[in-house]
Amino acid sequence: MAAIKGRDTQPERMLRSGLHRQGFRFRLHVPGLPGRPDLAFPRRRAVIFVHGCFWHRHAGCRYTTEPASRQTFWQAKFAANVTRDIRNNEALRSMGWRVATIWACGLKGGGTSGTLKQVADWLRSDRAELVWPPTPTNPGFQPD
């Protein structure tokens with residue numbers, strides 16, 4: 001598990017690159033914010049977390065698999081990750097930040113341009129939350 005990266009992952013780099021090309025400027029992994037968001041846009045009071053579907057349990061995603069061994073350990077680990085994510089999102093919102101959660105599966109294959117459009121539209125708006133792609137348990141923003 002030491003080889004698993006927590007920052008500068010490929011999905012995160014893809015999102016950063018696309019947003020930077022569109023003129024958005026941001027800070028990376030701001031230590032003073034709860035959860036150290038992957039991207040922070042201080043002028044827009046917005047943060048983005050790029051979550052891996054496996055580690056953060058993207059509901060209904062084919063990449064959210066269950067390990068066959070040590071199931072009790074993994075269930076506790078996944079539950080702690082989800083609880084921490086909820087706690088960090090609530091803390092950020094109480095501090096006046098808008099929070100987006102971008103799932104890694106939305107940046108795989110041909111989904112990158114659609115995800116970039118949704119994120120850019122959200123950053124330009126005043127909506128408080130974005131979850132992309134939407135999940136069955138948290139539909140987030142549904143495009144028109």
Subset of region 78-120 [in a helix (DSSP H, G or I) and open to solvent by 60 Å² or more (accessible area, probe 1.4 Å)]: Thr83, Arg84, Ile86, Arg87, Glu90, Arg93, Ser94, Gly109, Gly110, Ser113, Lys117
Every residue from region 121-133 that is hydrophobic (A, V, I, L, M, F, W, C), out of contact with any helix residue (DSSP H, G or I) (no Cβ under 8 Å at 6 or more places or on another chain) and either surrounded by fewer than 16 Cβ atoms within 10 Å (Cβ to Cβ) or not in a helix (DSSP H, G or I) (or both): Val131
Residues satisfying the stated conditions in region 64-77, i.e. in a loop (DSSP other than H, G, I, E, B) and open to solvent by 80 Å² or more (accessible area, probe 1.4 Å): Glu66, Ala68, Arg70
Arg44 being crowded, with 16+ Cβ neighbours inside 10 Å, of a type in the set (D, E, K, R) and either at pLDDT below 90 or touching a Leu at 6+ places or on another chain (Cβ under 7 Å) (or both): yes
Test: residue in region 43-64 that is among the hydroxyl-bearing types (Ser, Thr, Tyr) and either out of contact with any helix residue (DSSP H, G or I) (no Cβ under 6 Å at 6 or more places or on another chain) or within 22 Å of His29 (Cβ to Cβ) (or both): no
Inter-residue pairs, beta-carbon under 6 Å, first modelled with pLDDT under 90 and in region 1-26, second surrounded by 11 or more Cβ atoms within 10 Å (Cβ to Cβ) and not aliphatic (A, V, I, L, M), 6+ apart: Arg7/His29
Residue within region 61-79 that is of a type in the set (A, V, I, L, M) and within 22 Å of Arg7 (Cβ to Cβ) present: no
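The values are calculated or read from the model by the stated rules, or taken from the named source; none is laboratory data. It should be emphasised that the depicted structure is a prediction, and the values quoted were computed from it without experimental measurement. Neighbour counts are summed over all protein chains in view; Cβ atoms, including those assigned to glycine, are modelled from backbone coordinates with ideal geometry. Surface accessibility is based on the protein's heavy atoms, side chains included, excluding ligands, DNA and RNA. Shrake-Rupley method; radii C 1.70, N 1.55, O 1.52, S 1.80 Å.
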